[in-house]
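The values are calculated or read from the model by the stated rules, or taken from the named source; none is laboratory data. Since this is a predicted model, take the numbers as computed values, not measurements. Using ideal geometry, Cβ is built from the backbone for each residue, glycine included, and neighbour counts are taken over all protein chains shown.
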Amino acid sequence: MPRYIQPRVHDSDDDFPYDEYLRAYTYPDLLKDYESQPPLPQERLPNLSLKPVPTGVLSKTYTEFADPIIKDGSHPSFEVHIYFNIDDPEEKEYAYKLHERIRREFPELKIYCILETPWASHTAGMWEVNVHTPAQFGAFTPWLVINRGPLGCFMHPIPVTRSATMSSGSRSSVTRPATTWPSSLCSRT
């Protein structure tokens, strides 16, 4: 059996209940506060990127997470879940090494113990890392993308109302910096 497989392709919208959450979610109007602004120039640079339009003001999300994410530091703003196949000795060893390296590289982050048995909705070996600030997120996320090796991971924001964690909006905000999933996670709906 392969260590990782691509998530299964669904034949119809009715085939995968998770899609119901995404269909029910109403996304905010992202340009609401910019309605009175002039159109952005479409000038292209030689490499086909659009010419930057500096305003002299950085986005506040460099220092503060966007609403409705928790920002007061009392709880994590993002949870990062890292998964591994407990039946694969090499992957398990890598998981333990990565766990220790994260603890050494990012001692300020809250890092949970490694779980080798299913827990709640997590069916593979896993642990969690909590991120509280945009600076922590900005440092940890690229580092993890480069160093996660064969392990799967996903991250999601924690909204101000914790009960909203299971809402369709929060579920649609899950980010997976990986192209494959551990096979044990692919069967979850």
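Candidates are the residues of region 102-118 that are assigned to a helix (DSSP H, G or I) and within 20 Å of the chain's Cα centre (by Cα); the one that is farthest from residue 81 (Cα to Cα) is 105. For residue 76, the criteria (1) loosely packed, with under 11 Cβ neighbours inside 10 Å; (2) in a loop (DSSP other than H, G, I, E, B); (3) not hydrophobic (A, V, I, L, M, F, W, C) hold in every case but one, which is (1).
No other residue among 178, 164, 124 is among the hydrophobic types (A, V, I, L, M, F, W, C), modelled with pLDDT under 65 and closer than 14 Å to residue 82 by Cβ apart from 178.
In this entry, residue 31 passes the filter for residues that are exposed (fewer than 10 other Cβ atoms within 10 Å of the Cβ), of a type in the set (A, V, I, L, M, F, W, C) and either under 28 Å from residue 142 (Cα atoms) or modelled with pLDDT of 90 or more (or both). The residues on offer are 144, 58, and the sole one that is out of contact with any helix residue (DSSP H, G or I) (no Cβ under 7 Å at 6 or more places or on another chain), in a loop (DSSP other than H, G, I, E, B), closer than 30 Å to residue 28 by Cα and not aromatic (Phe, Trp, Tyr) is 58.
The set of residues from region 31-76 being of a type in the set (Phe, Trp, Tyr) and either closer than 24 Å to residue 156 by Cβ or in contact with a Gly (Cβ under 8 Å, 6 or more places away or on another chain) (or both) comprises 62, 65.
The listed residues are 96, 83, and the only one of them that is under 22 Å from residue 146 (Cα atoms) and either among the hydrophobic types (A, V, I, L, M, F, W, C) or not in a strand (DSSP E or B) (or both) turns out to be 96.
Take the residues in region 119-129 that are over 12 Å from residue 154 (Cα atoms) and surrounded by fewer than 21 Cβ atoms within 10 Å (Cβ to Cβ), then tell me which one is nearest to the chain's Cα centre (by Cα).
So the first thing to find is which residues in region 119-129 are over 12 Å from residue 154 (Cα atoms), and the list is 119-121, 123-125.
Next cut, surrounded by fewer than 21 Cβ atoms within 10 Å (Cβ to Cβ) only: 119-121, 123.
On the way: 119: 19, 120: 18, 121: 16, 123: 18 Å.
Per the criteria, the residue is 121.
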